[in-house]
Amino acid sequence: VISNFSVTPSPAYTNTPATFSWVVSDANGDILTCSLDVDDDGTNDYTINDCANSTSQAHTFLLVGDYTARLTVSDGITSSLQNTLNLTVLTPLSTEVSVNGPAVAGDRLLYTITVGNTSPMPIDGVGVSLTILAASISRSTENAEPDPSFLNYLGCSGDICDWDLGTLAAGESRTISVNALVDATLLNGAVIEFPVTFSAVGVSDIQINRTLEVYNAPSADFALSVSTDPVTPSETFT
């Protein structure tokens, strides 16, 4: 009998161990063997002996996606018994890049970059890389927060600015605000790109590219944004 077959956490996260658990029994007291196929591809990834007493198996998924896991239980005498479960694997990083337009040649353009840890474990080596195309950013504190030229941040080199955010605790998020200066030579209708790359130890790079069209004759301009999204308890935001 398979009384229970489950996985924690659910959803699971890439490069973070997920634990499959089960409760199995045999009325005759025979020793049971479990085979676990974590992605239902027909190949057993783990074989667990005496699985009535050994009731869990950890597995680390490398790719995001929807999976079906299959547990097969056998007493070596009668026909085996199977059970399946569906699970979703997500990246442990939540990312957002927003731009408040319109973009006007020679004016400022505010955009924010937010990265958060949605997993139950700390994530090390979190970094953000921003490529400046058709817009410029000064290293002064009034144009970026946190300033990429500050200690603990890697700074700007050419058209690329890097922020080394270090370790994000479970549930923690960080926001970077950039008050870019749009190139004064851009003509009406030109498109500005904002490619951003998020990286972390054990996590595949995530790339987001936002685009915004230059409109040099806006009749009105209003922008509202939040410095941190999402926020966590006791966190201060603007």
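Tabulated values for the structure
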{"read-out": "Fluctuation leader among Tyr13, Tyr111, Tyr215 - the chain, Gaussian network, Cα springs under 10 angstrom", "value": "Tyr215"}
{"read-out": "Shape box of the chain [Cα atoms, principal axes, largest first, Å]", "value": "82, 36, 31"}
{"read-out": "Percent of Cα-Cα distances greater than 23 Å, calculated over the range 1-141", "value": "53 percent"}
{"read-out": "Selected from Leu93, Thr60, Leu165, residue furthest toward positive end of dipole (the chain; charges at beta carbon)", "value": "Leu165"}
{"read-out": "Residue-wise HN-Hα coupling along the range 61-75, computed from phi with Karplus coefficients 6.51, -1.76, 1.60 (Hz; x: Gly, Pro)", "value": "7, 9, 10, 6, x, 9, 10, 10, 9, 10, 10, 10, 10, 9, 9"}
{"read-out": "Overall dimensions of the range 172-238 as given by Cα atoms, namely Rg and Dmax in Å", "value": "16.2, 47"}
{"read-out": "Karplus-derived HN-Hα couplings along the range 30-45 (A = 6.51, B = -1.76, C = 1.60, θ = phi - 60°), whole Hz, x at Gly and Pro", "value": "5, 6, 9, 10, 10, 10, 10, 10, 6, 10, 6, 9, x, 10, 6, 8"}
{"read-out": "Listed residues Gly29, Gly106, Gly65, most fluctuating in the chain (Gaussian network, C-alpha, under 10 Å)", "value": "Gly29"}
{"read-out": "Value of relative contact order over the range 1-108, rounded to a whole percent, pairs C-alpha under 8 Å and six or more apart", "value": "29 percent"}
{"read-out": "Karplus (6.51, -1.76, 1.60) ³J(HN,Hα), θ = phi - 60°, over the range 176-188, in Hz, Gly and Pro reported as x", "value": "10, 10, 10, 9, 6, 9, 6, 4, 5, 8, 6, 8, 4"}
{"read-out": "For Phe61, distant residues with modelled amide H under 5 Å away", "value": "Asn15, Thr16, Ala18"}
{"read-out": "The chain, relative contact order [Cα under 8 Å, separation at least 6], %", "value": "18 percent"}
{"read-out": "Spin-label model distance (nm) - Ser227 vs Ser3, 7 Å beyond Cα toward Cβ", "value": "5.3 nm"}
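Read the figures in this text as sums done on the coordinates, not as results from a lab. What you see is a predicted model, and the numbers here were worked out from it, not measured in a lab. Positions of Cβ are generated from backbone atoms using ideal geometry, with glycine treated the same way; all protein chains shown enter the neighbour counts.
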